[in-house]
Amino acid sequence: MSQVPTELRDEIPSFEEGPEARDRGPIDWTGLTSISTAKSALEIGAIVAVAGAVFFGAEAILRLTDTPTYVFPKPTAVVQTLVGDFGSLYAPHLWVTMQEFLLGLAIGSTIGLVLAAIITQKPFVEKVVAPYIIAMVTTPMIALVPFLRLKLGFGLSPIVFAVALASGPMVLINAATGFRRTDLAKIALARSYGASTFQIFRRIRFPLALPMIIVGYMVGSIFGLLTAVGGEMVAASEKGGLGQRLVFFSSLVQMDNFGAVILIVAALGVGIYVLFYFIGKRWASWEA
Amino acid sequence: MVLDPRAQAAGAGAEASATAPAAVKIRTVDATKVYETKSGPVSALESFSVDIHDGEFVCVLGPSGCGKTTLLWAMSGLHALTRGQVLLDGEPITGPRPQEIGMIFQEANLLPWRNLRQNIEFPFEIKRGKPDRARIAGLVEATGLGGFEGAMPRELSGGMQQRASIVRALAQDPALLLMDEPFGALDAFTRDEMNLLLLQLWSETRKTVVFVTHNIAEAIFLADRVVVMTPRPGRLARVYKIDLPRPRTIEMTFEPDFIAQIQEIKRAVEAGGPHALEVE
């Protein structure tokens, strides 16, 4: 075949996007990653300066007003115990919470994802189960933890169960939205090449749903973490956990330690967000 | 260019011997499609019979909503007909025929999560075959897509996306190419380029092409024969034989004969309804 004359070729659009055009996700949280992406020293300087001002500003106010620790802990004291006592006071409980969270999320999200793929194939089934799904999404599963303690004992399993109940429906409802997207032209394309139902699912429906599935996992993870920590707070277990530590330290008015646990929980939440933001960028960037 | 009323045919095979000695590639017999909708049955296609010969370029022309796409989807085996049948090489079509038929859709219909190469290789994955890399490379070069194999669809212009979809279909080496208003979303300049490219590829590969469009000039420019459909329900109104010499150039579209033919066909389409069925 001969070459098409160059004058027939289209203009090639620029592949470079300006910094303003870059996708910043559903929430513009560039402040968290802008250290690595900031273009100018001014931006980096401003970010560090504001962080420093908040940290040392709070420290200065608390010192100047002579605020006792039981009213509000000093940032330096919180960081000191967080770093100094991490292995002894916090790491074992972080591990407990992480086990509950990861196990619960794995179980809940898998069931949610599979159910979403199944129910969206049958509109009738979807109509029948929809009220239960909405009820499960809107009911705070923390409320079930005291009941689950009675049924499942004082180990990790009640919290794992609650995390699964909290995260599963979130994954389900978002993934179902994704699977409900039926791009008939793309399905027809696959069928015109003889694709089976499974091939259409794997090559068209699943990739089409993937951005919503990732959103479901992000929301489900955050709900799962809330439920894990909250569950530990409302119904103490012999294993401990970050939530149980929050209750423990506040009851002893050890606010430095309390602040350290809060920082760990906050870091987990932010970590989940960052993780899924990058997963979304890697696997769902086509839907910018 | 002469408008030849003797070339018209409302019935299947009526002009088969007169126009082309080639065998009939695809034939629709009494093709009728009725959609069941909430507000009752809607007839999209009615008693549509046409013969398309091996190696022929036929444009199906009609106003929006006249059942052109329904006809094409029935030909591809993606839709079942309510009545009548489609014969490919004399065999009735009952489902998709991935070995013989390549389908090109409105807009490019690329998968946005795959880059150009992965899109072009998509049919091979479905068929669980090894991609014909040499053939793909030749087509990619011929369509001016060389160097863009790694680009994502959203990074490409509409014209380039549609080229990729043509490469995707031609890489399968189908004997019959069904094209459903493929250039409808493109601007006039890009459309001209795409039409020239399509004719060039067609002259090199000699596929049978059924090309659906609502653009009269495009239909005349591309086709050996233009099949005009009536507004809904789509019936065969007239068949125009196009005597424009090949290879065709954009300059031909400015000739008085070409413009006269556009007007002629435009009147036929606008007359529509049962009147358009009256063939002298």
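Every number here is computed from the coordinates shown, using simple stated rules; none is lab data. These numbers were taken from a predicted model, which means no experiment stands behind them. Ideal geometry is used to build each Cβ from the backbone, glycine not excepted, and the neighbour counts take in all protein chains shown.
Ranked by the mean number of other Cβ atoms within 10 Å per residue, highest first, peptides A:91-97, B:59-65 order as B:59-65, A:91-97.
Modelled spin labels at B:R246 and B:Q106, positioned 7 Å past Cα toward Cβ, are 2.8 nm from each other. Across the options B:G184, A:V48, A:G108, the greatest Cα extent toward the positive end of the charge dipole of the protein assembly as shown (unit charges at beta carbon of Lys, Arg, Asp, Glu) belongs to A:G108. For the protein assembly as shown, taking Cα atoms only, Rg and Dmax work out to 32.4, 105 Å respectively. Where does the stretch A:77-283 land on Rg/Rh, using Cα atoms and the Kirkwood Rh? Using only Cα positions, Rg/Rh for the stretch A:77-283 is 1.09. Comparing A:F198, A:F154, A:F72 in a Gaussian network model of chain A where C-alpha atoms under 10 Å apart are linked, the largest mean-square fluctuation is found at A:F198. Which is farthest toward the positive dipole end of the protein assembly as shown among B:W113, B:T249, B:V212, measuring Cα position about the Cα centre, with Cβ charges +1 (Lys, Arg) and -1 (Asp, Glu)? Looking along the dipole axis, the top candidate is B:W113.
Taken about its Cα centre, chain B carries a charge dipole of roughly 760 debye when the Cβ of each Lys and Arg holds +1 and the Cβ of each Asp and Glu holds -1.
Exposed loop sites here mean trypsin sites (Lys or Arg not before Pro) with a DSSP loop assignment and at most 15 other beta-carbon atoms within 10 Å; chain A contains its longest site-free run at A:40-180.
Angle of helix B:116-126 to the longest C-alpha principal axis of chain B, folded into 0 to 90 degrees and rounded to 10: 70°. Counting only other chain Cβ atoms within 10 Å of each residue's Cβ, the peptide B:110-116 averages 5.
Descending by average beta-carbon neighbour count within 10 Å, the peptides B:205-215, B:189-199 line up as B:205-215, B:189-199, the highest first. Placing dummy labels 7 Å off each Cα toward the beta-carbon, the span from A:I44 to B:Q99 is 6.3 nm. May I ask for the net charge around B:S43, where only other residues with Cβ less than 15 Å from the Cβ of B:S43 are counted and Lys, Arg are +1 while Asp, Glu are -1? After counting each charged neighbour, the total is +2. Charged side chains reduced to their Cβ positions (Lys and Arg at +1, Asp and Glu at -1) give the stretch A:77-283 a dipole of some 1100 debye around its Cα centre. Each Lys and Arg contributes +1 and each Asp and Glu -1, all at the Cβ; summed about the Cα centre of the protein assembly as shown, the dipole is approximately 1800 debye. Per-residue ellipticity at 222 nm, computed for the protein assembly as shown from helices alone with -39500 (n - 2.57) per DSSP H run of at least four residues, works out to -16500 deg cm²/dmol. The calculated FRET efficiency for A:V128 paired with B:L87, based on their beta-carbon distance and R0 = 41 Å, is about 0.40.
Distance between the modelled labels on A:A143 and B:D30, one decimal in nanometres: 6.5 nm (7 Å Cα→Cβ projection). Given R₀ = 56 Å, what would the calculated FRET efficiency be for A:L150 paired with A:T76, taking r from the Cβ atoms and rounding to 0.05? My answer for the efficiency is 0.85. Of all stretches in chain A that contain no GluC sites (Glu not before Pro) in a DSSP loop with at most 12 other Cβ atoms within 10 Å, the longest one is A:18-237. Tell me which trypsin sites (Lys or Arg not before Pro) from the stretch B:118-147 have a DSSP coil assignment and no more than 11 other beta carbons within 10 Å of their own. Filter output for the stretch B:118-147: B:R128.
Each of A:L165, A:G84, A:I61 was scored by the projection of its Cα onto the charge dipole of chain A, and the greatest displacement toward the positive side belongs to A:L165; charges sit on the C-beta of Lys, Arg, Asp and Glu. Electrostatic bookkeeping for A:A175 treats Lys and Arg as +1 and Asp and Glu as -1; over the other residues with beta carbon under 13 Å from its beta carbon, the sum is +2. Per the Kirkwood formula applied to alpha carbons, the stretch A:51-189 shows a radius of gyration over Rh ratio, Rg over Rh, of 1.20.
Applying Stokes-Einstein at 25 °C and 0.890 mPa s to the Kirkwood radius of chain B, computed over alpha-carbon pairs, gives a translational diffusion coefficient of 127 µm² s⁻¹. Neighbouring Cβ atoms from other chains, within 10 Å of the Cβ of residues in B:208-219, number 0 on average.
Shielding of peptide A:184-191 by partners, expressed as the average count of other chain Cβ atoms within 10 Å per residue Cβ, is 6. Highest GNM mean-square fluctuation among B:L236, B:L72, B:L156, for chain B modelled with Cα contacts below 10 Å: B:L156. Electrostatic bookkeeping for B:F258 treats Lys and Arg as +1 and Asp and Glu as -1; over the other residues with beta carbon under 13 Å from its beta carbon, the sum is -4. Note the angle between two axes, namely the Cα long axis of helix A:206-234 and the longest principal axis of the Cα atoms of chain A, as a number of degrees from 0 to 90, rounded to the nearest 10. Value to nearest ten degrees: 10.
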